[in-house]
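Every number here is computed from the coordinates shown, using simple stated rules; none is lab data. These numbers were taken from a predicted model, which means no experiment stands behind them. All Cβ positions, glycine included, derive from the backbone under ideal geometry; neighbour counts span all protein chains shown.
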Amino acid sequence: MIIILCLNRPVAPRPLSGVADWAAKTVIEELTGVPASKLNDDRLGRTLDAIYPYLEDIWVEIVSQALVRYEIDLSLVFYDLTSFYFEGEYKKSKTIVLGYNRTHKGKKQRKLALNVTAREKFPFLYQLLDGNTADVSTVQENMHC
């Protein structure tokens, strides 16, 4: 299931409810042996829930392997902080909140801090932040990474 989601993201990103339709039009079943009819959003959601506790370990392993395999240069790194917005109700969320943003849209948001290598543009470190986190408050902490 995870490999199917990983293939879907860069090729034709879909919400979980659209993955089965996408897969039915591709060679996914032939590659993985998983019929498109098995790719419903409930099953995909349970799969994501199952790996959630291991996300940090998975990320570290992927980045470590890529740094070595592709000899990625870490001598110059860029730091970027961006906001992304959510539509709908998020009453229970403590992190998806109203916050300042450059577009001045009054929407709930989260922020993503990202470290990217200069030459390869490889994102090797990220942090999800509350939507009301002040941009300037993240820089000094990031420099200690």
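For the stretch 2-53, what relative contact order do you get, as a whole percent, if you take Cα pairs closer than 8 Å and at least 6 residues apart?
35 percent
How large is ³J(HN,Hα) for each residue in the stretch 85-93, as worked out from phi by the Karplus curve 6.51 cos²θ - 1.76 cosθ + 1.60 (θ = phi - 60°), to whole Hz, x for Gly and Pro?
Per-residue couplings from phi come out as 9, 10, 9, x, 8, 9, 4, 8, 7 Hz.
From the phi angles alone, apply the Karplus equation (6.51, -1.76, 1.60; θ = phi - 60°) to the stretch 39-49 and give each ³J(HN,Hα) in whole Hz, x where the residue is Gly or Pro.
Here the 3J(HN,Hα) series is 9, 7, 5, 5, 5, 5, x, 5, 5, 5, 4 Hz.
Under the rule a/c < 1.5 gives rounded, and otherwise a/b versus b/c splits prolate from oblate, where does the stretch 1-93 land using the Cα gyration tensor?
Cα axes put the stretch 1-93 in the oblate bin.
In debye to the nearest 20, how big a dipole does the stretch 72-143 give about its Cα centre with +1 on each Lys and Arg Cβ and -1 on each Asp and Glu Cβ?
I would put it at about 380 debye.
Would you compute, from DSSP H runs of 4+ residues alone, the mean residue ellipticity of the chain at 222 nm, taking -39500 (n - 2.57) per run and dividing by the full residue count, rounded to the nearest 500?
-11000 deg cm²/dmol
Return the lysines within reach of LYS91: Cα separation strictly under 22 angstrom, same-chain partners fewer than 8 residues apart disregarded; answer none if there are no such residues.
Straight-line reach from LYS91, under 22 Å: LYS105, LYS107, LYS108, LYS111.
What does the charge add up to near LYS38, with Lys and Arg as +1, Asp and Glu as -1, over the other residues with Cβ less than 15 Å from its Cβ?
-3
If I build a Gaussian network model for the chain, linking alpha-carbon pairs within less than 10 angstrom, which residue out of ALA113, ALA12, ALA23 has the largest mean-square fluctuation?
Maximum among the listed residues: ALA12.
Assigning unit charges at the beta carbon (Lys, Arg +1; Asp, Glu -1) and nothing else, what dipole magnitude in debye, to the nearest 20, does the chain show about its Cα centre?
580 debye
Using a Gaussian network model of the chain with C-alpha springs under 10 Å, which one of VAL60, VAL11, VAL19 is most mobile by mean-square fluctuation?
VAL11
Go through the stretch 61-77 residue by residue and turn each phi into a ³J(HN,Hα) via Karplus (6.51, -1.76, 1.60, θ = phi - 60°); whole Hz please, and just put x for glycine and proline.
Running phi through 6.51 cos²θ - 1.76 cosθ + 1.60 with θ = phi - 60° gives 5, 4, 5, 4, 4, 5, 4, 6, 4, 9, 6, 6, 7, 9, 6, 9, 10 Hz.
Farthest toward the dipole's positive end in the chain, which of LEU7, ALA118, GLY45, given Cβ charges of +1 (Lys, Arg) and -1 (Asp, Glu) about the Cα centre?
Comparing the listed Cα positions along the dipole, GLY45 ranks first.
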